[in-house]
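Asker: Quick one: this structure, given as structure tokens, is what I'll be asking you about.
The values are calculated or read from the model by the stated rules, or taken from the named source; none is laboratory data. Source: prediction; values computed, not measured. Note that each Cβ is placed from the backbone with ideal geometry, even for glycine, and that neighbours are counted across all protein chains shown.
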Amino acid sequence: VTKGIQQLKKGERADGVGNIVGGASSGISGLAATTAAFTTSPAIAAIAIPTAVYGAGVAAVTDGIITGYHGIKEGNVEKTVVGGVKTAAGGVMLAGAMTGNPFLIAGGAIVYGGAVVYESREAIGEFVREQDRKLEHAVQEVKKDVVEVAKSGVEVLDDGRRFIFEKSASEKLKSLDKATHDVWDAVF
């Protein structure tokens, strides 16, 4: 909503109104969904659940209209089509809320989500590639440390029941532990 107000001040009327309506609708939807999730009153839930769906549907329609508007303005057919799909999906969600049809609500939400993922595919792909690079780097560090530990002076005494590690081997194990945590951090 704040972004929309700032856009209106700059004269960006379509974006400003879209962000105010979409932001307010999303906020109402989130508040209603949270209320429905935590209430024990069937009467409150009966009001909150449709309100959440109406808010989400209005936000989806608004997002679609703004995306389509920019697509037309930029001469970008793909963006225009994505905007149309988002708008239609939001409309299907609203129709489901009005008729109480959960299949329309779910179908609209799935199509809208798919349109958002499609629209964001390059950013998602870059994020996945970056995580892959981090994971590859961490795995290489772990491999290096495992080789170093194996090369360190480990002597097996008492029929293999006790190991004595040289000081450098102990330090390498600490490094290996850190590298293992780096792998987890990269993945999760």
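Asker: Being assigned to a loop (DSSP other than H, G, I, E, B), hydroxyl-bearing (Ser, Thr, Tyr) and more than 20 Å from the chain's Cα centre (by Cα) narrows it down to one residue among Thr51, Thr40; which is it? Even if it seems obvious, please write down each step before you answer.
Answerer: Values: Thr51 fails: assigned to a loop (DSSP other than H, G, I, E, B).
Checking each option against the conditions leaves just Thr40.
Asker: When residues of the stretch 7-44 are filtered for being farther than 21 Å from Gly108 by Cβ, in contact with a helix residue (DSSP H, G or I) (Cβ under 8 Å, 6 or more places away or on another chain) and among the aliphatic types (A, V, I, L, M), how many remain?
Answerer: Here the count works out to 5.
The rows are residues; the columns are (1) among the hydrophobic types (A, V, I, L, M, F, W, C); (2) over 24 Å from Arg13 (Cβ atoms).
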| residue | (1), (2) |
| --- | --- |
| Phe38 | yes, yes |
| Ala43 | yes, yes |
| Ala46 | yes, yes |
| Glu78 | no, yes |
| Thr87 | no, no |
| Gly96 | no, yes |
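Asker: Considering only the stretch 65-82, how many residues are surrounded by 14 or more Cβ atoms within 10 Å (Cβ to Cβ) and basic (Lys, Arg)?
Answerer: In the first step, residues of the stretch 65-82 are kept if they are surrounded by 14 or more Cβ atoms within 10 Å (Cβ to Cβ); the result is 65-71, 76, 79-82.
Right, trim to basic (Lys, Arg) and you get 79.
Matching residues across the stretch 65-82 total 1.
Asker: Looking at the stretch 4-13, which of its residues are surrounded by 14 or more Cβ atoms within 10 Å (Cβ to Cβ) and in a helix (DSSP H, G or I)? Write out each step before concluding.
Answerer: Initially, the stretch 4-13 is screened for residues surrounded by 14 or more Cβ atoms within 10 Å (Cβ to Cβ), giving 4, 7-8, 12.
Hits for the stretch 4-13 are Gly4, Gln7, Leu8.
Asker: Still on this structure, please answer the following. Kindly provide the set of residues from the stretch 58-82 that are at pLDDT 90 or above, among the small types (Gly, Ala, Ser) and under 23 Å from Leu104 (Cα atoms), ordered by number.
Answerer: Ala60, Gly64, Gly68
Asker: Here is a check on your reading of the model: is Ser170 modelled with pLDDT under 65 and buried (at least 16 other Cβ atoms within 10 Å of the Cβ)? Talk me through it step by step, then tell me what you get.
Answerer: Working: modelled with pLDDT under 65: yes; buried (at least 16 other Cβ atoms within 10 Å of the Cβ): no.
Here the answer is no, as Ser170 does not meet what is asked.
Asker: Inside the stretch 45-64, can you point out the residues that are in contact with a helix residue (DSSP H, G or I) (Cβ under 6 Å, 6 or more places away or on another chain) and either exposed (fewer than 13 other Cβ atoms within 10 Å of the Cβ) or among the aliphatic types (A, V, I, L, M) (or both)? Explain how you work it out, then say what you get.
Answerer: Our first condition is that a residue be in contact with a helix residue (DSSP H, G or I) (Cβ under 6 Å, 6 or more places away or on another chain); within the stretch 45-64, this holds for 45, 48-64.
Answer for the stretch 45-64, where residues must be in contact with a helix residue (DSSP H, G or I) (Cβ under 6 Å, 6 or more places away or on another chain) and either exposed (fewer than 13 other Cβ atoms within 10 Å of the Cβ) or among the aliphatic types (A, V, I, L, M) (or both): Ala45, Ala48, Ile49, Ala52, Val53, Ala56, Val58, Ala59, Ala60, Val61.
Asker: Sort out which residues of the stretch 87-108 are out of contact with any helix residue (DSSP H, G or I) (no Cβ under 6 Å at 6 or more places or on another chain) and among the hydrophobic types (A, V, I, L, M, F, W, C), and write them in order of number.
Answerer: Ala88, Met98, Phe103, Ala106
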